[in-house]
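Working notes, beginning with the structure itself.
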Amino acid sequence: MTISPKPSIMDITLYKGGASSVAGMTNILKLSSNENPHGPSPKAKDAYARAVHDLHRYPVTDHARLRRAIGDVWSVDPDRVICGVGSDEILHLLAQAYTGPGDEVIYTEHGFAIYRIVALAVGATPVVVPERERVIDVDAILAACTDATRLVYIANPANPTATMIGQAEIARLAAGLPERAMLVLDGAYAEFAEGYDGGRALVEARDNVFMTRTFSKIYGLGGLRIGWGYGPRAVIDVLNRIRGPFNLSGGALAAAEAAVRDTDYTEKCRAENARWRDWLSTALAERGVPSDTSTANFILARFASEDEALACNVYLESQGIVVRHPKSYGFPHCLRITVGDESACRRVAHAIGQFKDSR
């Protein structure tokens, strides 16, 4: 046909989410998408149920109540908060607003697939930077920067590695960027890292740092697709000019507001995740499957080879357990395993133990 998209669009590989089924099997244990095994706060469920009475009404366009709740809980200025369809939409908006043909977008070799997608979608050039032992390398990022660099995306904690860098390293990265470049801190898993503010202090101290967060992970609202970002007022103003006015439904807004304000439930989920994350990583290490110290709600389990990882994946599926094989992220010899509840962690550790024994 004569109608064609921008050439860079056709370089995008379609994103595939974690599998959720095994042919011919029921009662599947899904540990492939880093979802909260406890689900959302009961208060969030109630708020969403009440929203059914207003399905005939358009949602608000300014998201004021949710932004105020985020401000109250996370000690940020609500006027510098933007809400989106997951944090993914905000990552797209940043690329749409600040990059284009001739510009460069940097991300690391094991970084989230969306970073490459958003760059290609606007015709920018994605630049991949190596990591060091599965950890973001600040020096490598700074060495890759040029006058064409506009955005640097990093996830901290990172996915699928579950590793992170400290506040001092993030600050050094922000300080070393070219004048026209912005550092974007993807904090989808920030709530799981004890004592980490997701980059808030750095956002407030500088004008070249932006942070994003999501309600899909610790808040258990992945099905509603809602996230938020915090950055300089000037950047928020730009993003709101291109954001869809009705991008979030009334039900999603209500559930997210209730979820973020239910801090007791969030803390319970964080504590349970930390407890069983440590248990699972130790249990797998004792079975000859090591992993780096995780600061998220999953572990990246390393096997001796790709063949062993694939064989283990097949065995887990035969037991009704679905995890993620992150070959596309540069880890063909690994399996990424979501930290579930106690029964899920014990079940997956037992299954991997059986697999190793059979070898």
* **Percentage of interatomic Cα-Cα distances in region 42-262 larger than 22 Å** => 48 percent
* To do: Neighbouring Cβ atoms within 10 Å as the yardstick, rank 30, 6 fewest first.
  => 6, 30
* To do: Neighbouring Cβ atoms within 10 Å as the yardstick, rank 16, 356 fewest first.
  => 16, 356
* Report the charge-dipole magnitude of the chain in Debye, nearest 20, computed about the Cα centre from +1 at each Lys and Arg Cβ and -1 at each Asp and Glu Cβ. => 780 debye
* Structure fact -> For region 62-151, the charge dipole (Cβ of Lys, Arg +1; Cβ of Asp, Glu -1; about the Cα centre) points to a positive end, and the Cα of 119, 144, 63 closest to that extreme belongs to 63
* With the dipole of the chain worked out from charges on the C-beta (+1 for Lys and Arg, -1 for Asp and Glu) around the Cα centre, which of 13, 184, 170 lies farthest toward the positive end? -> 13
* Summed side-chain charge close to residue 37 - residues other than residue 37 whose Cβ falls under 14 Å, Lys, Arg +1, Asp, Glu -1 -> +4
* **Computed over region 208-344, Cα set: Rg, Dmax in Å** => 18.8, 53
* Asked: If you look at just the Cα atoms of region 130-223, how large are its Rg and its Dmax in Å?
  -> 13.3, 40
* So which of 217/327; 43/268; 45/217; 30/217 end up more than 18 Å apart by C-alpha? -> 217/327
* **Antiparallel bridges, percent of DSSP beta bridges restricted to the chain (to nearest 5)** => 45 percent
* Please sort 153-164, 170-181, 295-306 by packing, taking for each peptide the average over its residues of neighbouring beta carbons within 10 angstrom, highest first. => 153-164, 295-306, 170-181
* Structure fact -> Put in order of increasing Cβ neighbours within 10 Å, starting from the fewest, 1, 25 give 1, 25
* For region 60-122, build the convex hull from the C-alpha positions and give me its volume per residue in Å³. => 115 Å³
* Structure fact -> Note on region 172-259: the mean projected area of its alpha-carbon convex hull, in nm², is 6.6 nm²
* With eigenvalues of the C-alpha gyration tensor scaled by 5 and rooted, region 2-49, Å -> 35, 20, 10
* How much space per residue, in cubic angstrom, does the convex hull of the C-alpha atoms of region 96-141 take up? -> 66 Å³
* Please name whichever of 155, 90, 226 sits farthest to the positive end of the charge dipole of the chain, dipole taken about the Cα centre and charges placed at Cβ: Lys and Arg +1, Asp and Glu -1. => 226
* Asked: Quick one: Kirkwood hydrodynamic radius for region 273-351, alpha-carbon pairs, angstrom, one decimal?
  -> 12.4 Å
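Each value in this text was obtained by applying a stated rule to the coordinates, not by laboratory testing. In this text the structure is predicted, and so the values were computed from the model without any measurement. Reconstructed Cβ throughout: ideal geometry from the backbone, glycine too, with neighbour counts over all protein chains shown.
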